[in-house]
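K.L.:
The structure that follows is given in the form of structure tokens.
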Amino acid sequence: GKEVQEPDPEPSLITWDTCGYDIGDHLCDFTLTDHNGNTFNLYENVGRPIVLDYSTVWCAYCQMAAQEVDLVSAQYSEYNLLYATILIENQYGESPSVSDCNMWASTNNINSNPVLAGDRSLIGTSGQGDGVPVQGWPTFLFLNPDLTIQSVLAGFGSDAIDQSIQPIISGE
């Protein structure tokens, strides 16, 4: 994996010194801007189970998934589940702006979860370990509270998402 950049907030929670993009790795940190213009830092969410949805604005299955974000988040609220959408491309195939993310959030009724402005630099080339291994849109990463990657899901299905959330909230 890569060297971990120590974030400022509470370094005591970051107990690892390498990161990567394979199952079992601590996902590498990133800082992105959300749909409200706020800064979102992954490593500031240590201790929470996390669903990361890598999507594009032009993908129909991504839109279907987006319509369930707040419902899924509410269903697992007792576990403090974080469900973050990372938009990789807007409808023109370009890196999304904050207003693209804001439009995505409002169109899909995402009110209590971040929609983040990402770009292609977050996506890895298969087997290179240089980014998230996206096989199709959307791709979901399910992170344990210690930010290790529990599983990866390519494509959208409500049942598959629920099944993938179970291990990250049960601590098994």
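The values are calculated or read from the model by the stated rules, or taken from the named source; none is laboratory data. Since we're looking at a predicted model, the values are computed, not measured. Don't worry about glycine lacking a Cβ; one is built from the backbone with ideal geometry, like all the others, and counts go over all protein chains shown. Areas reflect the complete protein model, heavy atoms only, side chains present, ligands, DNA and RNA absent. Shrake-Rupley method; radii C 1.70, N 1.55, O 1.52, S 1.80 Å.
K.L.:
Starting from the Cα of Glu78, step 7 Å along the direction of its Cβ; do the same at Asn111; then give the gap between the two resulting points in nm.
P.N.:
With each label placed 7 Å out from Cα toward Cβ, I get 2.3 nm.
K.L.:
Using a 1.4 angstrom probe, figure out how much accessible area the chain has per residue, in square angstrom, rounded to the nearest whole.
P.N.:
Values: 8200 Å² over 172 residues.
Per residue, the chain has an accessible area of 48 Å².
K.L.:
For Ser99 and Trp58 in the same chain, what is the full-extension length gain: residue separation times 0.36 nm, less their Cα-Cα distance, in nm? Mind showing how you got there, number by number?
P.N.:
Numbers: separation 41, 0.36 × 41 = 14.76 nm, distance 1.53 nm.
Here the segment from Ser99 to Trp58 would lengthen by 13.2 nm.
K.L.:
Hey, another quick one. Carbon and sulfur together cover what percent of the accessible area of the chain at a 1.4 Å probe radius?
P.N.:
Using a 1.4 Å probe with all protein chains present, the chain comes out at 45 percent carbon and sulfur.
K.L.:
Around Thr33, under 13 Å between beta carbons, what's the net of Lys plus Arg minus Asp minus Glu among the other residues?
P.N.:
Working: positive: none; negative: Asp34, Asp100, Asp119.
For residues surrounding Thr33, the net value is -3.
K.L.:
Oh, and also: Please give the net charge around Val134, taking every other residue with its beta carbon less than 14 angstrom from that of Val134, where Lys and Arg add +1 and Asp and Glu add -1. If you can, show how the numbers build up before the last one.
P.N.:
Values: positive: Arg120; negative: Asp22, Asp53, Glu89, Asp119, Asp130.
Spelling it out: positives minus negatives among the neighbours equals -4.
K.L.:
Excluding Glu68 itself, what net charge comes from residues whose Cβ is under 15 Å from its Cβ, given Lys and Arg +1 and Asp and Glu -1? Can you show the working numbers first?
P.N.:
On the way: positive: none; negative: Asp53, Asp70, Asp159, Asp162.
Taking every other residue near Glu68 into account, the sum is -4.
K.L.:
Run lengths n ≥ 4 of DSSP H only: what is the helix-derived mean residue ellipticity at 222 nm for the chain, with -39500 (n - 2.57) per run over all residues, to the nearest 500? Kindly include the intermediate steps, with their values, before the conclusion.
P.N.:
On the way: 4 runs with 37 residues, N = 172.
Dividing the helical sum by the residues of the chain leaves -6000 deg cm²/dmol.
K.L.:
Here is a further query. By DSSP, what percent of the beta bridges with both residues in the chain are antiparallel, rounded to the nearest 5? Walk me through the numbers before you get to the answer.
P.N.:
Values: 18 of 30 bridges.
The antiparallel fraction comes to roughly 60 percent.
K.L.:
With viscosity set to 1.002 mPa s at 20 °C, what whole-number translational diffusion coefficient in µm²/s follows for the stretch 29-90 from Stokes-Einstein and a Kirkwood radius over Cα pairs?
P.N.:
Details: Rh = 12.6 Å.
Stokes-Einstein gives a translational diffusion coefficient of 170 µm²/s.
K.L.:
So, one more: Name the residue from Val72, Gln150, Pro167 whose Cα lies farthest towards the positive end of the charge dipole of the chain, charges +1 on Cβ of Lys and Arg and -1 on Cβ of Asp and Glu.
P.N.:
Val72
K.L.:
Ok, one more. Relative contact order for the chain using alpha-carbon pairs under 8 Å, separation at least 6, rounded to a whole percent?
P.N.:
Working: 354 pairs, mean separation 45.4, N = 172.
It rounds to 26 percent for the chain.
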